[in-house]
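Chemist: Please read through the structure below; I'll follow up with questions.
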Amino acid sequence: MSDITSLLPARPSLEQLRKQAKELLRAYRAGDNIALERFRAIIPRLADPGPPDEMILADAQFVLAREYGFENWAEVVHHVAAIQLAEDRLGQFERLAKDFVAAYQGDAEALDRLNDMFWTSLTAEQLRELVRQRVSALSGEAYDFTLPDAVSFVARQHGFESWARLVEMIAQP
């Protein structure tokens, strides 16, 4: 079991990773052979057979970090934080797109959120006209404004050629 290589899940949880480290440490302290082997594979001073050294939580976190392909626990924490930040940013863009659709369809609260965000005071009709102008300029035709149109609109308003490209750029650390 000395060549464990695992990948973090797509949406890792730092809390869950900390629990894994605590479980690994408990197993090590209980004399679990698999846990002992995992520690020995990662921590050089444990490679020699003999009575196991006393390990602390930081050691277990280090073992997990190395098994997941990171140099240390701090890199794991940084990586998870970057993923969570990207998800938060993507969620903001998704809410923005939904607010555009809702405001376009007459939702006063969504219009208020957009006006607050962009420091404007558009009426519902002004917003609809603005969206029609921008969407028809992008596509060359006018049509109903739906969520797929809104995500494309939001992506292009923020300098991306598509929603997929915006998502790709946000996902990069």
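Chemist: If I fit a long axis through the Cα atoms of helix 108-118 and take the longest principal axis of the Cα atoms of the chain, what angle between them do I get, 0 to 90°, rounded to 10?
Modeler: 70
Chemist: Where the only charges are on Cβ atoms (+1 Lys, Arg; -1 Asp, Glu), what is the dipole of the chain about its Cα centre, to the nearest 20 debye? Mind showing how you got there, number by number?
Modeler: Numbers: 19 positive and 27 negative charges, 49 e Å.
Dipole magnitude for the chain comes out near 240 debye.
Chemist: For the chain, take the alpha-carbon Rg, divide it by the Kirkwood Rh, and send me Rg/Rh.
Modeler: Value, to two decimals: 1.27.
Chemist: What number comes out for accessible area per residue over the chain if the probe is 1.4 Å? Units Å², please.
Modeler: Here the residues of the chain average 63 Å² of exposed surface.
Chemist: Now a separate question. Alpha carbons only, please: Rg and Dmax for the stretch 70-165, in angstrom.
Modeler: Considering the stretch 70-165 through its Cα atoms, Rg and Dmax are 16.7, 55 Å.
Chemist: Describe numerically, in nm with one decimal, the distance between label points set 7 Å from Cα along Cα→Cβ at ARG26 and at ALA86.
Modeler: For the pair ARG26/ALA86, the computed spacing is 3.2 nm.
Chemist: Moving on to the next point. Take the solvent-accessible surface of the protein heavy atoms, probe 1.4 Å, and return the percent of it on the chain that carbon and sulfur atoms account for.
Modeler: 52
Chemist: Report Rg/Rh for the stretch 72-128, rounded to two decimals, where Rg is the Cα radius of gyration and Rh the Kirkwood radius. If you can, show how the numbers build up before the last one.
Modeler: Working: Rg = 16.6 Å, Rh = 13.0 Å.
With Rg and the Kirkwood Rh in hand, the quotient comes to 1.28.
Chemist: What does the C-alpha gyration tensor say about the overall shape of the stretch 27-89? Classify as rounded when a/c is under 1.5, otherwise prolate if a/b is larger than b/c, or oblate.
Modeler: prolate
The values are calculated or read from the model by the stated rules, or taken from the named source; none is laboratory data. Since we're looking at a predicted model, the values are computed, not measured. Heads up, the Cβs are rebuilt from the backbone with ideal geometry, glycines too, and the neighbour counts pull from every protein chain shown. Ligands, DNA and RNA are stripped out before the accessible areas are found, and what is left, the full protein with its side chains, is counted by its heavy atoms. Shrake-Rupley method; radii C 1.70, N 1.55, O 1.52, S 1.80 Å.
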